[in-house]
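A short write-up of the structure that comes next.
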Amino acid sequence: MARHAGPLLEMNGITKRFPGVLALDRVDLAVRRGEVHLLLGENGAGKSTLMKILSGACQKDEGDIFLDGRPIEIRSPFHARTLGISMIYQELNLVPNLTVAENIFLGREPSRGGFVLRRRMEGDARRLLRRMQADIAPDALAKDLPVAQQQLVEICRALSLDSKVIVMDEPTSPLTERETTALFRLIRSLKASGVSVIYITHRLEEARLVGDTVTVLRDGRRVGGAPARSLSNERLVRMMVGRTLSQVFPALGRPRPGAVLDVKGLARAGVFGPVSFSLAPGEILGVAGLIGSGRTELARSLIGADPRTAGTIAIGGRAVRIASPRDARRAGLCLLPEDRKAQGLVLGLPVVQNVSLASLERLSRFGFLRLGAERREVQGLVDRLRIRTPSLEQLVRNLSGGNQQKVVLARWLAVEPRILIFDEPTRGIDVGARFEVYKLITALARQGVGIVLVSSDLLEVLGLSHRVAVMRGGRIAAILPRKSANPERVMRLAMGLTREGVRKGHGPSRSAPDGAART
């Protein structure tokens, strides 16, 4: 029984080397039974490598691992699962053409006489889905599910293994608020039953909601750890990136007179609208709202990616007809989509081709691409945005999330846009890379580019915006000047707890730009 007095899991002196890179340098991690242990750090800090070693996907070079006080050598992911260690990756690993139940019990299907007991399997899957409050049919194909529901299926698969330790890598990134609440409730239930959870996140606000203990990695080393409640966001940021929280949001410039974008009565039947707002040159208009409020749908309709059924758009005082993203680009309106991998990048192409995609017509002569001009322009943008890549020939899929986002931005900067729409600009990006993206956004605004910033991170919206448009039910409930926008007021508007700014029979209020202000 003495072996139960110590941590359930110990990783001592873990070291991992890749060619030319020391990924982990004598890292220690101790996880108690029935606790949620937060593992924090920037991209590249070593979190994923450490967890791959724990889950058997990668072999350590040095160090020791103990489970329940006993030394273990984890040979493979299958071996890790037999030991009671499961990992839910941020990149989903479902088999698209199998059903939900088949994915949950893949390789462990209940059977009798060589035949799968399908009814029993679907019943077991239904019970697991019910624990997650997930309205998903066990016989639905995985490929037909949205990303958020696929993530819930991954979590159910880990639950079905009766694991002692479950690693969750950014589990809430695709989830709605309702699904996130259900996940947190499930985590508390797992804790109560003695299961330990290692929780990786870039969302600092989740730390005090779910975490008991924090370990912070930086540059492959453990830089500290403490009870989650004892660490402020200020201290966490300083530990992760060596900067203070006050440095995260750069100071804003002052918007210029006039309107670079004027939207009136924009609507898509049954989806959102009517929506009306204006945007000044150099202004950052934040768009806040709960999941399903119509933020992304509005952004996509603005650039013609989705059809609209009503409304007008004027750019620089002139009405424009935007029926496709090409029309939008030619008018000077560009979108950085929320799913950069699926909608913003060609992952199998190198940096140079991803950046030049929107400029091929200008970079060509007599139908032939001028390769020298292409490389010079792309290299200039790579230098300007400080994109970290070994070369212009590096495949985009091999870059970090922050650098992938910069590649999408570089593509649109090449066409000199007048308006940029950022939809979830820092999703899946660590704190340090976020600061770089924030600096780029504010620098573009100072140059006179109008910015529409759509984000589910409320602190991000409040920290970067001159005005905040709050959406609810497909409409703008109010547009708040920066000085009067605060988390409580925005959330009350987003949840419909106030009719502020909306009068019966009239559209939402439209506040004037608030000018420069520091966070």
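The table below gives the values:
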{"item": "Solvent exposure of the stretch 182-270 as accessible area per residue, Å², 1.4 Å probe", "result": "45"}
{"item": "P(r) of the stretch 381-458 over all Cα-Cα pairs, binned every 10 Å from zero, in whole percent", "result": "17, 54, 26, 2"}
{"item": "Charge sum, other residues only, whose C-beta stays under 11 Å from residue 290's C-beta, Lys/Arg counted +1 and Asp/Glu -1", "result": "+2"}
{"item": "log10 of Debye I(q)/I(0), alpha-carbon scatterers only, for the stretch 113-236 at 0.10, 0.11, 0.12 Å⁻¹", "result": "-0.38, -0.46, -0.53"}
{"item": "Net charge of neighbours whose Cβ lies under 12 Å from the Cβ of residue 65, counting Lys and Arg as +1 and Asp and Glu as -1", "result": "-3"}
{"item": "Percentage of interatomic Cα-Cα distances in the stretch 304-375 larger than 14 Å", "result": "70"}
{"item": "Estimated 222 nm signal from helices in the chain, with DSSP H stretches of n ≥ 4 weighted -39500 (n - 2.57), rounded to 500", "result": "-8500 deg cm²/dmol"}
{"item": "Label-point separation in nm, residue 398 to residue 357, each point 7 Å along Cα→Cβ", "result": "1.9"}
{"item": "Charged-residue dipole, Cβ positions (Lys, Arg, Asp, Glu), the chain about Cα centre, Debye nearest 20", "result": "1080"}
{"item": "Cut-off 9 Å between beta-carbons: net charge of the residues surrounding residue 385, Lys and Arg +1, Asp and Glu -1", "result": "+1"}
{"item": "Whole-percent carbon and sulfur share, accessible surface of the chain, 1.4 Å", "result": "50"}
{"item": "Percent of Cα-Cα distances greater than 18 Å, calculated over the stretch 1-125", "result": "62"}
{"item": "Percentage of interatomic Cα-Cα distances in the stretch 103-168 larger than 18 Å", "result": "36"}
{"item": "Within the stretch 50-96, GluC sites (Glu not before Pro) in DSSP loop having at most 13 other beta-carbon neighbours inside 10 Å", "result": "73, 91"}
{"item": "Area accessible to solvent at residue 162, 1.4 Å probe radius, in Å²", "result": "130"}
{"item": "Fraction in percent of alpha-carbon pairs per bin - 20 Å, the chain", "result": "20, 51, 27, 2, 0"}
{"item": "C-alpha center-to-center spacing [the stretch 271-315, the stretch 163-182] in angstrom", "result": "29"}
{"item": "For the stretch 52-146, radius of gyration divided by Kirkwood radius, i.e. Rg to Rh on alpha-carbons", "result": "1.06"}
{"item": "Residue pairs, from the table 60/406; 439/483; 16/439, whose Cα atoms sit over 30 Å apart", "result": "60/406; 16/439"}
{"item": "Solvent accessible area, Å² - residue 300, 1.4 Å probe, full protein context", "result": "70"}
{"item": "Binned Cα-Cα distances of the stretch 174-328, short to long, each 5 Å bin given as a whole percent", "result": "2, 7, 12, 13, 11, 11, 11, 10, 10, 8, 4, 1, 0"}
{"item": "Lysines with Cα under 26 Å of residue 191, excluding same-chain neighbours fewer than 8 positions away", "result": "47, 52, 164"}
{"item": "Largest to smallest accessible area among 264, 341, 483 [probe 1.4 Å]", "result": "483, 264, 341"}
{"item": "The stretch 394-437: mean projected area of Cα convex hull, nm²", "result": "3.5"}
{"item": "Solvent accessible area, Å² - residue 416, 1.4 Å probe, full protein context", "result": "150"}
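The values are calculated or read from the model by the stated rules, or taken from the named source; none is laboratory data. A quick note: this is a predicted structure, and the numbers were derived from the prediction, not measured. We place every Cβ from the backbone using ideal geometry, glycine too, and count neighbours over all the protein chains shown. Accessible surface areas use protein heavy atoms only, side chains included; no ligands, DNA or RNA. Shrake-Rupley method; radii C 1.70, N 1.55, O 1.52, S 1.80 Å.
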